[in-house]
Amino acid sequence: MASCQKLLINGRWVEAHSKTQLDVINPATEKTIASIAIANEQDVNDAVDAAKEAFKTWQYVSSDERGRYIEAIVTKLSEKRADMAATISSELGMPIVLSDMVQTGGPLTGMLPYAALAKSMDTQEHIDNSIVIKQAIGVCALITPWNFPLHQLIAKVAPALAAGCTMVVKPSEETPLNAIMFAEILQQVGLPAGVFNLVTGDGETTGNALTKHPDVDLVSFTGSTSAGVNVALNAAPSVKRVCQELGGKSANIISPTAPLEQAISDAIISVMFNSGQTCVAATRVLVHQSQYQQAVDIAKAVTETLIVGEPDNEQSFIGPLCSAKQQQSVLNYIQTGINEGATLITGGLEKPDGLDKGFYVKPTVFADVENDMVIAQQEIFGPVVCFIAYQDIEHAIRIANDSQYGLAAKVWAETQDQAVDIAKHIRAGQITINGGNFNYNAPFGGFKQSGNGREWGAAGLNEFIELKSMHC
Ligand code: NDP
């Protein structure tokens, strides 16, 4: 990738002022596949200046034209879909077939509606003697994690463009290559200089400089709760809007009326997907005590059918974890679970068979988990599922809500109405009912310490809007 060590500032790929670099590692081979610049404060200042200058005109570009740019980006990205999927697979480790479907196909689906949503910026509301209009908030800092890197990027870039904002993006240091490729696409469709700027680097140097910058009006941040808190502290002195999409420790309530086999199979597959590195993973599976042993037996059987393997093997369902650091962190949690007295049903600390290289972890199931254990309270972010027994549905709801997080949940019951009734009592932002599909047009975001923002669809656009009242 030609632009890999450069930063995109004001429409040009430029050398970083900083000479420090970071290696990008393929987690399956453990080999360095690229190195990127760590943008320093001077680089960040240049990028923010470019975004500030571009905002003067971009905010007044017609919504039709902004919509056309979004359509052009979708078209170009669709043409490059296979390359993008391979790039994400090489830096993240997700099996290529899944990477194409979820890491690339999904965000394309989510982006297109913003072409039409741009038009909603033109609507005016009349309230008594006042006209209320929508305007773009200004210069946005968009900071993304590594687990669904393009999905997170597009969740922010698409509404920012639709609203008429300009932006500086900092992707995760673990998976920056897809963002560089995406930036090249934005250049190829002729997006005006300075509307989209890309600075690579780490949170410590680049992220801190960006979130403290007085000319940034909004920070949209997706990542861990601890980093999200730091970002909010950085942003507070200049009163930026901060939209946080943070961690989770979601529950999956399997009611006694649910089809048990189907519900447990879905519970396991949905957590193990992307090697458990999914913010909404429902890693606390709550089963009625009368069905508990049967559920654990099904979980063991399903888990042991999942193929852990190299990302380029089309049979693989679980690839490596994203980094050596992530692998070690997950192994530490598995050890903690064993030390806490949870029963290891399958998986564990050994490497999966036949995979000597790569940051792999065996898909792991724990039973006899109490909700106050570390493995039930902290986000493991790996292929680890905890089974917890409950006495009745009220008890299950109390366990589900006994968490600092409130990002997501799943509910399984015999009927949709039964499951929805349970879901209404769970303090979380999105709840999957009886295995329902993800919807890119519905609001996505967390309650409690899982964040305060909403992404995707019209709700995602609202984050980037200021309302202005004109009293006539
Ligand atoms: P991190 O919080 O470590 O990092 C997220 C991003 O923030 C990275 O780009 C990181 O830079 C940057 N960053 C870190 N510290 C700062 C700082 N002080 N100022 C500015 N930027 C900073 O999360 P991970 O990348 O490890 O991602 C996993 C986490 O993300 C999990 O907790 C997961 O639940 C959460 N997540 C939440 C989602 C949601 O929608 N709610 C969706 C996906 C993930 P770098 O890493 O390059 O140093």
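The values are calculated or read from the model by the stated rules, or taken from the named source; none is laboratory data. Note that this is a predicted model, so its numbers are computed, not measured. Ideal geometry is used to build each Cβ from the backbone, glycine not excepted, and the neighbour counts take in all protein chains shown. To get the accessible areas, we keep the full protein, side chains included, count just its heavy atoms, and leave off ligands, DNA and RNA. Shrake-Rupley method; radii C 1.70, N 1.55, O 1.52, S 1.80 Å.
Of all residues in segment 172-219, those satisfying the criterion of being of a type in the set (D, E, K, R) and either more than 12 Å from the ligand (Cβ to nearest atom) or under 20 Å from Lys19 (Cβ atoms) (or both) are Glu173, Glu184, Asp202, Glu204, Asp215, Asp217. Please work out which residue is nearest to the ligand (Cβ to nearest atom), limiting yourself to segment 433-455 and to residues that are under 22 Å from Asn230 (Cα atoms) and among the polar types (S, T, N, Q). Within segment 433-455, the match that is nearest to the ligand (Cβ to nearest atom) is Ser450.
Residues in segment 34-56 that are open to solvent by 20 Å² or more (accessible area, probe 1.4 Å) and assigned to a helix (DSSP H, G or I): Glu41, Gln42, Asn45, Asp46, Asp49, Lys52, Glu53, Phe55, Lys56.
Being touching a residue at least 12 places away in the same chain (Cβ under 8 Å), in contact with a strand residue (DSSP E or B) (Cβ under 7 Å, 6 or more places away or on another chain) and not aliphatic (A, V, I, L, M) is a property that Gly309 lacks. Each residue in segment 113-154 was checked for being open to solvent by less than 10 Å² (accessible area, probe 1.4 Å), in contact with a Phe, Trp or Tyr (Cβ under 7 Å, 6 or more places away or on another chain), more than 16 Å from the ligand (Cβ to nearest atom) and aliphatic (A, V, I, L, M), and 0 pass.
In segment 273-298, the residues that are open to solvent by less than 10 Å² (accessible area, probe 1.4 Å) reach residues that are assigned to a strand (DSSP E or B) and of a type in the set (D, E, K, R) with C-beta atoms within less than 6 angstrom, at least six apart or across chains, in these pairs: Ala282/Lys410. The residues on offer are Glu174, Glu204, and the sole one that is in contact with a Phe, Trp or Tyr (Cβ under 7 Å, 6 or more places away or on another chain) and open to solvent by 40 Å² or more (accessible area, probe 1.4 Å) is Glu174. Annotation: Gly223 fulfils all but one of (1) more than 7 Å from the ligand (Cβ to nearest atom); (2) open to solvent by less than 40 Å² (accessible area, probe 1.4 Å); the unmet one is (1).
In the condition set (1) in a loop (DSSP other than H, G, I, E, B); (2) at negative phi; (3) out of contact with any Ser or Thr (no Cβ under 8 Å at 6 or more places or on another chain), Gly190 is compliant with all but (2). Every test in (1) closer than 27 Å to Ala160 by Cα; (2) within 16 Å of the ligand (Cβ to nearest atom) is passed by Val239 save one, and that test is (2).
If you go through segment 342-349 one residue at a time, do you hit one that is open to solvent by 20 Å² or more (accessible area, probe 1.4 Å), under 21 Å from the mean Cα position of the chain (by Cα) and β-branched (Val, Ile, Thr)? No; the residues of segment 342-349 include none that is open to solvent by 20 Å² or more (accessible area, probe 1.4 Å), under 21 Å from the mean Cα position of the chain (by Cα) and β-branched (Val, Ile, Thr).
Of the numbered conditions (1) assigned to a helix (DSSP H, G or I); (2) over 16 Å from Leu321 (Cα atoms), Thr87 fails exactly one; give the number of that condition. The failed condition is (2). Sub-8 Å Cβ pairs linking a first residue in segment 239-256 that is under 17 Å from Ala227 (Cα atoms) to a second residue that is more than 15 Å from the ligand (Cβ to nearest atom) and open to solvent by 10 Å² or more (accessible area, probe 1.4 Å), at least 6 apart or interchain, are Lys240/Asp217; Arg241/Ile137; Arg241/Asp217, ordered by first then second residue.
Has segment 67-86 got any residue that is assigned by TED's automatic domain parsing to the domain that holds Val195, closer than 29 Å to Asp122 by Cβ and touching a strand residue (DSSP E or B) at 6+ places or on another chain (Cβ under 9 Å)?
Looking through segment 67-86, none of the residues is assigned by TED's automatic domain parsing to the domain that holds Val195, closer than 29 Å to Asp122 by Cβ and touching a strand residue (DSSP E or B) at 6+ places or on another chain (Cβ under 9 Å).
Please determine whether any residue of segment 325-338 is surrounded by 16 or more Cβ atoms within 10 Å (Cβ to Cβ), touching a residue at least 12 places away in the same chain (Cβ under 8 Å) and in contact with an Asp or Glu (Cβ under 8 Å, 6 or more places away or on another chain). Looking for residues that are surrounded by 16 or more Cβ atoms within 10 Å (Cβ to Cβ), touching a residue at least 12 places away in the same chain (Cβ under 8 Å) and in contact with an Asp or Glu (Cβ under 8 Å, 6 or more places away or on another chain), one finds none in segment 325-338, hence no.
Scanning segment 18-33 for residues that are in contact with a strand residue (DSSP E or B) (Cβ under 9 Å, 6 or more places away or on another chain) and open to solvent by 20 Å² or more (accessible area, probe 1.4 Å) yields Lys19, Thr20, Gln21, Leu22, Asp23, Ile25, Asn26, Lys31, Thr32, Ile33. With respect to Ala267, determine if the residue is in contact (Cβ under 8 Å) with a residue 24 or more places away in the chain, closer than 28 Å to Pro27 by Cα and within 11 Å of the ligand (Cβ to nearest atom). In short, no. Being modelled with pLDDT of 95 or more, closer than 19 Å to Ser270 by Cα, over 27 Å from the mean Cα position of the chain (by Cα) and β-branched (Val, Ile, Thr), is that true of even one residue in segment 402-415? No: segment 402-415 contains no residue that is modelled with pLDDT of 95 or more, closer than 19 Å to Ser270 by Cα, over 27 Å from the mean Cα position of the chain (by Cα) and β-branched (Val, Ile, Thr).
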